[in-house]
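Enquirer: Before I ask anything, let me first share the structure, which is written out below as structure tokens.
The values are calculated or read from the model by the stated rules, or taken from the named source; none is laboratory data. No experiment lies behind these values; they were computed from the predicted model shown. All Cβ positions, glycine included, derive from the backbone under ideal geometry; neighbour counts span all protein chains shown.
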Amino acid sequence: MAILEVRDLTRRFGGLVAVSNLSLSVEEGEIRGLIGPNGAGKTTTFNVISGFYPPSEGRVLFRGEDVAGMSTNAIAARGLVRTFQATTLFQELTVLENVLVGRHLKARTGPFRALLGADRPREEAARARAIEILDFFGLGDRREDPGLSLPHGLQRALGVAVAFAAEPKLLLLDEPFTGMNPEETRRMMEIVRKVRDRGITILLVEHDMQAVMGLCDRITVLNFGRLLAEGTPGEVRRHPDVIEAYLGAAASAA
Ligand SMILES: Nc1ncnc2c1ncn2[C@@H]1O[C@H](COP(=O)(O)OP(=O)(O)O)[C@@H](O)[C@H]1O
Ligand SMILES: [Mg+2]
């Protein structure tokens, strides 16, 4: 069953067509890659799917419901949660508090109620759950540290933990491997697999080809906002149009 279906999606910015007539369907339980050269429209696709921008045209069906144009909160509450290309931790908060904020996204207990202590048992349950999540992500021993004191790789892992805390059914990850050393990459790949094994479907935008090829069940390739190819990692890697798009991009960047 498709958990996400994007149909004929177009997003324009003035005269620029960032995403053009894109259709794709993500199956429940898969890790799907979304790749393509810089400017191909990957982040814009994420922004529309997760409600940051309305589409110019087209539909976004999440578990059969058209969510295109809904607010990010409404979409997240339905179980579609994304992370950002840049690390976006809450700067003054500890590791544990960051995860608690992620949970609030789902639980909808405003910070006001928390301040008033109106909901003590619920707060304690949330804290216990946040500690479990940090253990699951291998961050348990850092929970009282300021989020920003973590090394880069762990900050990225915490970003995923915050999104995970909102209890997504579909998690959109925008370049989670950026700037990681090989050991951090290996650990993040383990995390992504573990999250999927919890029954969460994953749509992954990533430049690190080793991570993409190693993790994804299927890969969708964009170029100039359009669907270029789709298939297993092996099929995509051998696809002449994909080779051309990447070699062309590399050649023009050189
Ligand atoms: N908010 C925006 N306003 C204007 N142009 C944008 C905006 N967001 C993205 N674009 C443009 O849309 C195109 C696709 O960008 P993006 O989706 O970020 O690509 P990718 O993530 O694949 O690198 C680029 O040409 C980019 O400059
Ligand atoms: Mg991008």
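Enquirer: Can you name every one of the helices (runs of 4 or more DSSP H) wholly within region 179-254 that holds 1 or more residues which are at pLDDT 95 or above and either in contact with a Lys or Arg (Cβ under 6 Å, 6 or more places away or on another chain) or buried (at least 17 other Cβ atoms within 10 Å of the Cβ) (or both)? It would help to see each step written out before you state the result.
Expert: Numbers: elements: 182-197, 209-215, 233-238, 240-253.
Qualifying helices (runs of 4 or more DSSP H): 182-197, 209-215, 233-238.
Enquirer: Which ones in region 75-92 are of a type in the set (Gly, Ala, Ser) and either over 19 Å from PRO54 (Cβ atoms) or without any contact (Cβ under 8 Å) to a residue 12 or more places away in the chain (or both)?
Expert: Taking region 75-92 as the starting set, the residues that turn out to be of a type in the set (Gly, Ala, Ser) are 76-77, 79, 86.
The answer is GLY79, ALA86.
Enquirer: Could you run through region 155-194 and say how many residues are within 16 Å of ligand 2 (Cβ to nearest atom) and of a type in the set (A, V, I, L, M)? Before you say what the answer is, go through the steps one by one.
Expert: At the first step, the residues of region 155-194 found to be within 16 Å of ligand 2 (Cβ to nearest atom) are 156, 159, 172-179.
Going one step further and asking which of them are of a type in the set (A, V, I, L, M), we end up with 172-173.
Summing the residues that are within 16 Å of ligand 2 (Cβ to nearest atom) and of a type in the set (A, V, I, L, M) in region 155-194 gives 2.
Enquirer: For region 155-184, which residues satisfy the criterion of being farther than 29 Å from ARG63 by Cβ and either touching a residue at least 40 places away in the same chain (Cβ under 8 Å) or within 10 Å of the chain's Cα centre (by Cα) (or both)?
Expert: Pass one, region 155-184, residues farther than 29 Å from ARG63 by Cβ: 155, 178-184.
Of everything in region 155-184, those that are farther than 29 Å from ARG63 by Cβ and either touching a residue at least 40 places away in the same chain (Cβ under 8 Å) or within 10 Å of the chain's Cα centre (by Cα) (or both) turn out to be GLN155, THR178.
Enquirer: Do the conditions hold for GLY64, that is, is it over 19 Å from ILE219 (Cβ atoms) and either modelled with pLDDT of 95 or more or within 16 Å of ligand 2 (Cβ to nearest atom) (or both)? Spell out the reasoning first.
Expert: Values: over 19 Å from ILE219 (Cβ atoms): yes; either modelled with pLDDT of 95 or more or within 16 Å of ligand 2 (Cβ to nearest atom) (or both): yes.
It is true that GLY64 is over 19 Å from ILE219 (Cβ atoms) and either modelled with pLDDT of 95 or more or within 16 Å of ligand 2 (Cβ to nearest atom) (or both).
Enquirer: May I ask you to list the residues in region 129-149 that are within 19 Å of ARG186 (Cα to Cα) and assigned to a loop (DSSP other than H, G, I, E, B)?
Expert: PHE137, GLY138, LEU139
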